[in-house]
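Novice: My questions will all concern the structure given below.
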Amino acid sequence: AAGVDADMVLIGKKGITYFQRRKFPIRKTFETGQNPDSKQALAISEELLNTFLSGETDAVELLYTKFVSLIASTPSIRTLVPFSASEISQKGDEVFQLTSGNGDFEVERKELDVAEPQEFPNDMIFEQDPLQIVNSILPLYLNGQILRTLQESVASELAARMQSMQSASDNAGSLAKDLSMQYNRARQAAVTQEILEIVSGAQALE
């Protein structure tokens, strides 16, 4: 779109199937299942980083499902590379914890403040060039970010399934209640009709 060529690196069976059928340009595919781990995230991050460092692409955009709560998730997009220091210095973080308070599953969400920037003395000497240090940290950062987004996507899918099952259970309970009321009404009408017939027959014999 907008004159920009793009190749896709797809993760997950449904996404792979969807875009393959529509003949989109696909560079590589990965399948992670319901339990993504750091090894799978490393393979993905290495593919993306190598593509960027070799000059085959100008930027890597990550599209994923952001987990908000058990009843909400949002499609999100973020730029992985070129790396921006503002991704760390100007953004906080979130921690999610699954609990079972009062017998129901709940998610506790805690927001972490942005870390305060640290000042280094002017005479500090780095054993390696700062650029080399950043280049060493970048793969670790990408790996962590990709693993997190994979886990958020899985959590969003599981939450959606739980919500669907809860809705189905509620609908089934409501349907059973309505059927029971209709059955009771039909039975009451039949009993009333029998009583009327008996009374009418008794009156006819008098």
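The values are calculated or read from the model by the stated rules, or taken from the named source; none is laboratory data. The structure displayed is predicted, hence computed values, not measured ones. Methodologically, a virtual Cβ is constructed for each residue, glycine included, from the backbone with ideal geometry; neighbour enumeration extends over all protein chains shown. The accessibility values were calculated without ligands, DNA or RNA, using every heavy atom of the protein model including side chains. Shrake-Rupley method; radii C 1.70, N 1.55, O 1.52, S 1.80 Å.
Quick grid of which residues meet (1) farther than 30 Å from Ala43 by Cα; (2) assigned to a helix (DSSP H, G or I):
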| site | (1), (2) |
| --- | --- |
| Met124 | yes, no |
| Leu138 | no, yes |
| Gln145 | no, yes |
| Glu152 | no, yes |
| Gln166 | yes, yes |
| Gly173 | yes, yes |
| Arg185 | yes, yes |
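Novice: How do the pairs read when you match residues in the stretch 112-126 that are open to solvent by less than 100 Å² (accessible area, probe 1.4 Å) with residues anywhere that are modelled with pLDDT under 75 and in a loop (DSSP other than H, G, I, E, B), using Cβ under 6 Å and keeping only pairs 6 or more apart or on different chains?
Specialist: Leu112/Gly92; Val114/Gly92
Novice: Just checking, which of Thr32, Thr17, Thr51 is in a loop (DSSP other than H, G, I, E, B) and among the polar types (S, T, N, Q)?
Specialist: Matching residue, one of Thr32, Thr17, Thr51: Thr32.
Novice: Of the residues that sit in the stretch 13-42 and are surrounded by 15 or more Cβ atoms within 10 Å (Cβ to Cβ) and in contact (Cβ under 8 Å) with a residue 60 or more places away in the chain, which one is farthest from Leu140 (Cα to Cα)?
Specialist: Residue satisfying both the conditions and the ranking: Thr32.
Novice: Which residue is modelled with the lowest pLDDT, if the candidates are limited to the stretch 43-76 and must be over 22 Å from Leu140 (Cα atoms) and of a type in the set (A, V, I, L, M, F, W, C)?
Specialist: Applying the filter and picking the extreme gives Leu70.
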